[in-house]
1. Find the relative contact order for region A:166-290 and round it to a whole percent, using C-alpha pairs within less than 8 Å whose residues are 6+ positions apart.
2. Between residue A:209 and residue A:150, take the C-beta separation as r, use R0 = 51 Å, and let me know the FRET efficiency to the nearest 0.05.
3. By DSSP, what percent of the beta bridges with both residues in the protein assembly as shown are antiparallel, rounded to the nearest 5?
4. Obtain the nm distance between the two label points defined at residue B:140 and residue B:24 by a simple spin-label model: each point lies 7 Å from its Cα along the Cα-to-C-beta direction.
5. Run through all the Cα pairs of region B:105-219 and give the fraction in each 5 Å bin from 0, expressed as whole percent.
6. Rank-order B:150-157, A:213-220, A:90-97 by packing density, defined as the average count of other C-beta atoms within 10 Å over each peptide's residues, highest first.
7. Can you give the Rg/Rh ratio of region A:50-109, where Rg is from the C-alpha atoms and Rh is the Kirkwood radius?
8. Can you sort A:280, B:11 by how many other beta carbons sit within 10 Å, fewest first?
């Protein structure tokens with residue numbers, strides 16, 4: 001039965017003056033007019049948004065000008081350093097104006113849709129978020145330009161994958177200090193070895209803040225053509241040093257035949273004077289050249305060996321995960337554990353522990369594991385095992401919960417015993433999901449183990465982290481490539497295997 | 001010969017599924033149980049092979065009280081009672097052959113069956129059973145690749161592997177279309193006539209009951225409210241009909257061979 005509606009009480013319609021006063025008040029406190037108009041939910045939403053946005057704006061201004069005091073200096077500095085704050089402020093004022101207009105019409109009894117107001121609030125929060133989280137597209141674009149070289153090293157690091165052993169090419173001349181009556185003979189021109197001939201073969205060394213040493217004219221030959229030759233000295237006690245002249249190391253470019261000529265002044269004395277009457281020094285030209293057979297670089301070998309370590313790390317963690325999670329999954333399967341209140345308590349206990357363990361990231365488990373067993377792959381295996389037990393335990397138990405009781409009933413009806421029923425009715429149903437989940441978990445574990453090394457869990461992540469810290473971007477690039485290739489292959493293989501089993 | 005005396009089943013939650021049910025099923029009969037969903041048909045069939053333990057009563061099967069059997073004796077007795085199901089209850093991911101051979105588990109030593117091995121005789125029997133049901137070429141397919149009608153034939157083949165004296169059929173055609181329903185029931189009828197296997201079958205459609213049953217019992221809220229032969233079904237009165245299907249049920253059309261509509 002429909003009861004006749006009581007006629008609504010005739011409300012005195014507020015006059016325009018009242019409405020305008022309320023509207024002005026609403027400008028300063030959005031939501032107030034709406035409250036008067038008995039739009040409680042709208043009023044509360046507007047008040048809450050106003051308070052939050054206002055608070056955030058004040059905080060951002062203070063944050064932008066931390067050392068200033070007083071309203072005006074903070075305001076001026078804030079909009080100078082963070083121009084977006086001005087924009088946000090303008091939006092907020094528009095919001096206040098719209099709120100007061102809304103209040104005016106509500107007081108006058110005109111129903112209005114507040115969707116526009118709330119969209120404006122959402123926009124305000126968006127720009128506040130933009131300002132708050134320091135989003136800077138300009139920096140992104142310029143940084144992209146500056147980082148392009150390093151990025152290209154990471155993207156195509158293969159020049160670092162091959163190295164040639166280095167070889168020293170050296171030719172020397174003996175210099176007597178100071179000149180005796182019989183200075184040493186000039187060195188010979190050798191047919192197929194680098195040589196340096198000095199003219200003269202004796203002289204005096206330079207003295208600090210004193211007279212310059214003797215000039216020498218050096219002629220070299222049989223060096224690698226068109227490559228710098230460093231001019232170096234060896235003193236009588238076997239110290240080798242590069243000679244500096246005018247602050248620069250001396251080096252000379254060899255010509256097309258591998259020869260060079262250069263005039264130098266003998267270097268400063270580095271030894272005590274009273275070593276003997278005459279000293280025999282050697283001046284020599286030296287080139288460091290990579291001439292040997294190309295071979296895999298140390299970095300490449302390291303990356304490969306650690307990648308293999310990583311894959312097995314993931315595999316071992318998965319194996320241990322299976323061993324522990326299979327029995328646990330039976331305890332966490334509701335259909336098996338609903339027999340009595342004791343088993344139900346065990347069920348909830350196991351489920352709870354699994355959920356807690358699973359909600360802690362493997363990276364955190366790795367940190368905990370390194371405290372116990374130290375750095376290395378074993379810590380990574382422990383961390384991934386713990387997480388795998390929790391994740392697989394849940395997946396397995398759900399597979400057990402979803403088995404169809406029909407076939408079990410049918411097998412029992414044939415006169416089969418308990419073991420036969422399990423073998424023919426239960427296992428065929430749970431093997432496919434178990435295999436599928438396990439492969440998937442292996443996939444995840446290998447992926448996780450590539451980064452678990454960053455916190456000391458061994459594997460390639462450890463190398464990657466080191467190389468990034470050493471700014472060796474090419475080596476890091478090699479590691480990144482190996483990780484990407486391995487993960488892609490694994491992803492494909494695991495998807496294929498799972499397809500077969502489902 | 002199956003004799004059921006004063007069978008009562010009360011579930012743990014207090015639901016009374018069967019009250020004081022008694023009937024006799026002489027060898028070679030095709031007995032159909034009719035009744036609404038929830039009237040106790042499934043419970044009755046499952047009590048007979050003890051998939052459900054009855055609360056009270058006796059189930060005398062060839063002189064042995066099934067209700068009192070336990071363990072090995074129960075399993076050995078179950079071998080002579082095959083069962084087929086509305087949803088076929090095949091192990092979907094196993095092959096058809098494995099599903100059929102599962103019917104032989106009661107006769108196979110545990111040691112061998114756990115290894116997945118069956119005797120040559122059993123293999124031959126399985127292929128014969130599939131041939132007899134008209135699906136010999138499906139043996140190596142996965143069970144869930146087959147159509148509904150074919151799956152039910154596999155279910156019958158599995159029951160046949162037990163070399164049963166009685167087949168319990170729990171709404172065997174309820175998930176099938178009318179044409180397939182006839183073909184499945186014809187298979188059961190053939191087993192009934194050629195092999196003298198008794199059939200105890202629950203059905204929903206009265207035209208099927210008329211066509212295949214030799215004797216009929218009707219259940220309503222766990223009690224037997226109707227007993228008759230196939231001929232009696234034809235002459236069922238409205239009062240009898242309402243006893244079985246409730247006061248709000250309506251018979252569709254003039255003929256008795258209509259479809260029951262639940263109120």
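Since every read-out is calculated from the coordinates, none of them should be taken as a lab result. As the structure is a prediction and not an experimental result, all values here were calculated from the model. Please note: Cβ atoms are built from the backbone with ideal geometry, for glycine as well, and neighbour counts cover all protein chains shown.
1. Normalised by residue count, the contact order of region A:166-290 is 35 percent.
2. 0.70
3. Around 75 percent antiparallel, to the nearest 5.
4. Distance between label points: 5.2 nm.
5. Pair shares across the bins are 2, 10, 20, 21, 20, 13, 8, 4, 2, 0.
6. Ranked from most to least packed, the peptides come out as B:150-157, A:213-220, A:90-97.
7. The Rg/Rh ratio comes out at 1.14.
8. Ranked by crowding around the Cβ, least crowded first: B:11, A:280.
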